[in-house]
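For reference, the structure discussed in these notes is given below.
The values are calculated or read from the model by the stated rules, or taken from the named source; none is laboratory data. Just so you know, these numbers come straight off a predicted model, no measurement behind them. Note: ideal-geometry Cβ built from the backbone for every residue, glycine included; neighbour counts use all protein chains shown. What goes into the accessible areas is simple: the full protein's heavy atoms, side chains included, and nothing from ligands, DNA or RNA. Shrake-Rupley method; radii C 1.70, N 1.55, O 1.52, S 1.80 Å.
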Amino acid sequence: MKFFIDTANLAQIKEAHELGILDGVTTNPSLMAKEGIKGEDAVMEHYKKICEMVDGDVSAEVISTDFANMVAEGKVLAAIHPNIVVKIPMIKDGVKAMKWFTDNGIRTNCTLVFSAGQAILAAKVGAAYVSPFVGRIDDSTWDGMELIEQMAHIYSLQGYKTEILAASIRSALHIVKAAELGADVCTCPLESILGLLKHPLTDIGLAKFLDDAKKMRSEMVPAR
Ligand code: G3P
């Protein structure tokens, strides 16, 4: 499973990259706004900076909702860097736009996916990635992981090439479950990635090893 970070924060992207686990980045208009990025030039410049930091796919979302403008906007985004993947919402014009991008060699990430039916449409029009929003499904009292499982089953049965990108991840457990159920990619907040590190027995075990190492050293070094 590939690890993407779900943020537009450069410091967090750097931290995940330095950990050695980062395969890509996803952003959305809310995450860009959170970083205080305003204006078209600033948005383009920010995506460029992200692409220069990470050797992997970077999803950049269109903000238009009609076919013509999605295509125009997506072309501009795709021209920023070869690693840009144009993120398109799962709406009727979005489906048409994804088909256009596929036919014209531009990769897309179909976002705001909440059902297997939507996931089938995304695969049919050749999206490179499809993003089911696990956490938001959990919020609506259905288990988001059931959708990942259903999509993985359908995609494997039908031989769809679109990669399942588990999104709206809220915890380390979400990451483990996504891997277990066959997601191709998981896009996570830095906090959830770091959550994978944690185990109290690791901390207790390390404290004991360090304590014993101190004793060992004091026995090795003659007292003056
Ligand atoms: O990847 C989609 C993500 O940014 C949405 O996450 O936590 O706002 O549901 P969230």
* Structure fact -> Within the range 157-182, of all residues that are charged (D, E, K, R) and not in a helix (DSSP H, G or I), the one farthest from Leu197 (Cα to Cα) is Lys161
* To do: Assess whether Thr187 counts as being at pLDDT 95 or above and closer than 18 Å to Ile13 by Cα.
  => yes
* Asked: Of all the residues that make up the range 96-140, how many are among the polar types (S, T, N, Q), over 19 Å from the mean Cα position of the chain (by Cα) and more than 15 Å from the ligand (Cβ to nearest atom)?
  -> 2
* Asked: What single numbered condition from (1) under 24 Å from Glu163 (Cα atoms); (2) within 16 Å of the ligand (Cβ to nearest atom); (3) not in a helix (DSSP H, G or I) fails to hold for Ala16?
  -> (3)
* Structure fact -> Residue count, the range 19-31, condition assigned to a strand (DSSP E or B) and among the small types (Gly, Ala, Ser), comes to 1
* For the subset of the range 72-88 comprising residues that are over 18 Å from Leu112 (Cβ atoms) and in contact with a Lys or Arg (Cβ under 9 Å, 6 or more places away or on another chain), which member is most open to solvent (accessible area, probe 1.4 Å)? -> His81
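Here is a yes/no grid of residues against (1) touching a residue at least 60 places away in the same chain (Cβ under 8 Å); (2) open to solvent by less than 40 Å² (accessible area, probe 1.4 Å); (3) under 13 Å from the mean Cα position of the chain (by Cα):
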position	(1), (2), (3)
Lys177	no, no, no
Ala183	yes, yes, yes
Cys186	yes, yes, yes
Pro189	yes, no, yes
Leu194	no, no, no
Pro200	no, no, no
Asp203	no, no, no
Asp212	no, no, no
Glu219	no, no, no
* To do: Identify the single condition in (1) without any contact (Cβ under 8 Å) to a residue 60 or more places away in the chain; (2) within 16 Å of the ligand (Cβ to nearest atom); (3) under 30 Å from Lys124 (Cα atoms) that Ile154 does not satisfy, given that it satisfies every other one.
  => (2)
* Asked: What pairs can you find where one residue is in the range 121-133 and more than 12 Å from Val86 (Cβ to Cβ), the other is away from the ligand (no atom under 16 Å from the Cβ) and acidic (Asp, Glu), and their Cβ atoms are less than 9 Å apart, with a gap of 6+ or different chains?
  -> Gly126/Asp103
* Structure fact -> Within the range 97-132, the residues that are over 22 Å from Ala68 (Cα atoms), open to solvent by 20 Å² or more (accessible area, probe 1.4 Å) and not in a helix (DSSP H, G or I) are Phe114, Ser115
* To do: Look at Glu45 and say whether it is open to solvent by 30 Å² or more (accessible area, probe 1.4 Å), assigned to a helix (DSSP H, G or I) and in contact with a helix residue (DSSP H, G or I) (Cβ under 7 Å, 6 or more places away or on another chain).
  => no
* Could you tell me which numbered condition Ile169 fails, if it satisfies all but one of (1) open to solvent by 100 Å² or more (accessible area, probe 1.4 Å); (2) closer than 24 Å to Glu18 by Cα? => (1)
* Looking only at the range 29-42, and only at residues there that are exposed (fewer than 11 other Cβ atoms within 10 Å of the Cβ) and under 13 Å from Val62 (Cα atoms), the one that is farthest from the ligand (Cβ to nearest atom) -> Glu40
* Asked: Among (1) buried (at least 24 other Cβ atoms within 10 Å of the Cβ); (2) in contact with an Asp or Glu (Cβ under 8 Å, 6 or more places away or on another chain); (3) not in a strand (DSSP E or B), where does Ile137 come up short?
  -> (1)
* How many residues does the range 31-51 contain that are over 22 Å from Ala167 (Cβ atoms) and free of Cβ contacts under 8 Å to residues at least 24 places away in the same chain? -> 7
